[in-house]
Amino acid sequence: MLGKIAGVMIVVSGLLSGTPMAHAQEPETLKSIISSQIEAFRKNDGVTAFSFASLKLRSIFQSPERFMEMVRRQYAPVYRPENFSFGQTSLETAGRPVQVVDIVDQQGRAWRAVYTFEQHPDGSWRIAGVQLEKLPGSSA
C-alpha cells in the first residue's frame, strides 16, 4: 500500500510546481540526467540515483535505500532496462520540461516513461516524477 501511495506521489509531485525550460540546450541536459540515473540503477548506486531526484522526492523517500526499493518494486523497466531511447522533449501545461523515454524491459516488453523535471534554485534540473505506461502489443 505504501509503495502504491509513493508511486502516486511521484507523479503528483511532478505536477505541483513549474518553471519553464530555460534554454534550447535543456533537452540534452535532461537526457543526460536520465541516462546517468539509469546507469546508477544498473550499478546499484543508490546514492547517485537518488541525487537526480528533486528535493520534494528526496524529502518523501528520505534515503537512497528507500528510494531504490520503491524504484525496484514499481519501476522495474526503468531500474533494469534492456535498452531505452529518447523520444520527444516538450513542456507540460505547468511549463515544466517533460522527456519521453521508450524502454524495452528484460522480458522484451515495451514501455513509455514520461519524466517530468523541475529546476532547483541553483539552476540545476532534477527529476520530479516519472509516469510509466506499458505499451500495447508488447510481448513477454
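The values are calculated or read from the model by the stated rules, or taken from the named source; none is laboratory data. Predicted, not measured: the structure shown is a model, and the values here were computed from it. Because the Cβ atoms are built from the backbone with ideal geometry, glycine has one as well, and the counts that use them run over all protein chains shown. These area figures cover heavy atoms from the full protein model, side chains too; ligands, DNA and RNA do not enter into them. Shrake-Rupley method; radii C 1.70, N 1.55, O 1.52, S 1.80 Å.
Report whether or not F50 is farther than 24 Å from L135 by Cα, in contact (Cβ under 8 Å) with a residue 24 or more places away in the chain, open to solvent by less than 30 Å² (accessible area, probe 1.4 Å) and of a type in the set (F, W, Y).
Considered against the rule, which asks whether it is farther than 24 Å from L135 by Cα, in contact (Cβ under 8 Å) with a residue 24 or more places away in the chain, open to solvent by less than 30 Å² (accessible area, probe 1.4 Å) and of a type in the set (F, W, Y), F50 comes out as no.
Rundown of residues vs (1) touching a residue at least 40 places away in the same chain (Cβ under 8 Å); (2) not in a strand (DSSP E or B), yes/no style:
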position	(1), (2)
R73	yes, yes
T89	yes, no
V98	no, no
I103	no, no
G108	no, yes
Y115	yes, no
I127	yes, no
G137	no, yes
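Can you name the residue in the stretch 81-121 that is open to solvent by less than 20 Å² (accessible area, probe 1.4 Å) and of a type in the set (F, W, Y) and, of all such residues, is farthest from S51 (Cα to Cα)?
Top of the filtered list is Y115.
Counting just the residues of the stretch 7-47 that are surrounded by 19 or more Cβ atoms within 10 Å (Cβ to Cβ) and at pLDDT below 90, which one comes out farthest from P97 (Cα to Cα)?
Result: G7.
Taking into account only those residues within the stretch 122-134 that are farther than 16 Å from Y75 by Cβ and open to solvent by less than 40 Å² (accessible area, probe 1.4 Å), which is nearest to the chain's Cα centre (by Cα)?
W125
Quick test of your reading of the structure: D122 fulfils all but one of (1) acidic (D, E); (2) touching a residue at least 12 places away in the same chain (Cβ under 8 Å); (3) in a loop (DSSP other than H, G, I, E, B). Name the failing condition by number.
(2)
Which residue out of S90, S85 is among the small types (G, A, S) and at pLDDT below 90?
Selected residue: S90, the only one of S90, S85 that is among the small types (G, A, S) and at pLDDT below 90.
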